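Here's the structure, in structure tokens; my notes come after.
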Amino acid sequence: MASERPPVACLGAGRMGRGIAVSFAYAGHDVVLLDLKPRSAEDFARLAGAAIGEVRDTLAMLADLGLGEAVQVDAIASRVRVVPAADTDVLRDMPVVFEGVPEIPDLKREALAQAAQHMARDAILASTTSTIMVDDLSPAVPNPERFLNAHWLNPAYLVPLVEVSPGRHTDEDVTARLMALLESVGKVPVRCAPSPGFIIPRIQALAMNEAARIVEEGVATAKDVDRALRYGFSFRFGVLGMLEFIDWGGVDILHHASRYLEGALGDARYRAPAIVGRHMAEGKIGMQTSSGFLPWDRMDVAAHKRRRLAELVARLRQEGLARPPVLPQR
């Protein structure tokens with residue numbers, strides 16, 4: 001980027017725009033929220049007041065939780081301003097613009113096309129869509145090489161992950177620049193190919209539907225399902241990645257468990273993908289064979305396991321479940 005902390009703009013002053021504004025303002029950037037709806041002066045003032053008020057309240061909450069100090073809130077919030085729909089010229093000075101309008105393709109295309117007309121030729125335009133593929137939106141902009149998707153997860157000011165999805169026309173340098181900018185404000189960008197649902201929405205949709213189905217079938221109550229997820233599922237996957245976890249236990253366990261569940265429950269949704277069968281055939285069982293989804297043969301496995309176990313112990317302490325051993329009585 002031309003500046004160490006370049007200004008950024010968001011199309012729309014709703015929840016996503018406000019969350020992104022908090023993230024960048026917190027990291028020292030000036031942020032413009034461009035309202036996209038023509039409004040009366042009174043209605044715009046109401047919107048702008050609500051947006052800035054939410055930004056300030058969020059920053060105050062973060063300070064109360066130990067992220068910053070209360071005396072810094074006003075200074076950080078002053079980096080954010082809301083401008084009316086007619087002030088599109090503000091985009092000319094923005095090296096990065098995030099589109100954050102509702103998940104309606106035509107509405108997004110309209111916003112993107114309008115913004116592109118006023119942006120600098122070398123500026124980056126990114127949609128924050130959570131469902132629409134980048135190449136379904138890129139025809140709306142005249143320079144698709146500078147356009148890509150950047151899916152933030154709510155709340156955007158707290159969740160580190162941003163899924164970055166370049167399209168078939170996206171310039172590689174644009175992708176690298178955006179990922180570097182995101183990293184500079186404390187985010188963890190991951191790259192994925194244009195695909196419906198990106199990474200997290202695909203996985204979490206399956207998990208959430210299965211949790212609801214378990215309740216529907218009377219297998220467990222909602223309270224117990226969430227308790228199991230908190231202390232079993234998320235406890236482990238908050239430290240171990242899901243594919244790393246497969247390698248820890250062994251691809252063979254997933255292979256056999258999937259076959260049993262598919263047969264016992266009579267549903268193909270439990271069928272393992274072809275890659276699991278290929279790993280079984282090739283002996284890529286995981287950590288135990290130094291070959292799996294992760295490159296275990298290039299890692300210090302003992303040191304890696306110790307680090308991961310230390311993280312799990314830290315999670316145990318965080319949950320208040322770490323206990324000293326019971327010593328023999330004398």
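Any read-out appearing in this document is the output of simple, stated calculations on the displayed coordinates, not a laboratory observation. Everything numeric here is computed off the predicted structure, so don't read it as measured data. Don't worry about glycine lacking a Cβ; one is built from the backbone with ideal geometry, like all the others, and counts go over all protein chains shown.
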**OP:** Would you mind pulling out the separation of the Cα centroids of the range 9-36 and the range 163-177, in Å?
**Re:** 21
Subject >> Within the range 166-227, GluC sites (Glu not before Pro) in DSSP loop having at most 12 other beta-carbon neighbours inside 10 Å >> reply: Glu217
Original post:
If you take the beta carbon distance between Ala176 and Phe245 as r and set R0 to 41 Å, what does 1/(1 + (r/R0)^6) give as a FRET efficiency, to the nearest 0.05?
Top reply: 0.85
Original post:
If you average 1/r over all unlike Cα pairs in the range 235-287 and invert the result, what Kirkwood radius do you get in angstrom?
Top reply: 11.6
Subject >> Where labels lie 7 Å past Cα in the beta-carbon direction, separation of Ala85 and Arg308 in nm >> reply: 5.2
Subject >> With eigenvalues of the C-alpha gyration tensor scaled by 5 and rooted, the chain, Å >> reply: 41, 26, 21
Subject >> Segments 244-255, 33-44 sorted - mean Cβ within 10 Å per residue, highest first >> reply: 244-255, 33-44
Original post:
If r is the Cβ-Cβ distance from Ala264 to Gln114 and R0 is 56 Å, what FRET efficiency results, to the nearest 0.05?
Top reply: 0.55
**OP:** Between Ala50 and Glu103, with labels modelled 7 Å along Cα→Cβ, what's the label distance in nm to one decimal, could you check?
**Re:** 2.1
Original post:
Across the chain, how many lysine pairs, 8 or more apart or on two chains, come within less than 27 Å at their alpha-carbon atoms?
Top reply: 4
Original post:
For the range 1-151, what does the alpha-carbon gyration tensor say about shape, rounded, prolate or oblate, given a ≥ b ≥ c as the root eigenvalues, a/c under 1.5 as rounded, and a/b over b/c as prolate?
Top reply: prolate
Original post:
What translational diffusion coefficient, in µm²/s and rounded to a whole number, does the Stokes-Einstein relation yield for the range 274-313 at 4 °C and a viscosity of 1.567 mPa s, taking the hydrodynamic radius as the Kirkwood radius over Cα pairs?
Top reply: 117
**OP:** Mind checking the full-extension length gain between Lys223 and Ala63? Use 0.36 nm per residue of separation minus the Cα-Cα distance, one decimal, nm.
**Re:** 54.5 nm
Subject >> Where labels lie 7 Å past Cα in the beta-carbon direction, separation of Asp300 and Leu206 in nm >> reply: 3.4
**OP:** At q = 0.09, 0.11 Å⁻¹, what is the base-10 log of I(q)/I(0) for the range 176-330 according to the Debye formula with one equal point scatterer per Cα and no solvent? Please give it to two decimals.
**Re:** -0.43, -0.64
Subject >> Loop-resident sites, the range 145-218, for trypsin sites (Lys or Arg not before Pro), counting at most 15 other Cβ within 10 Å (DSSP) >> reply: Arg168
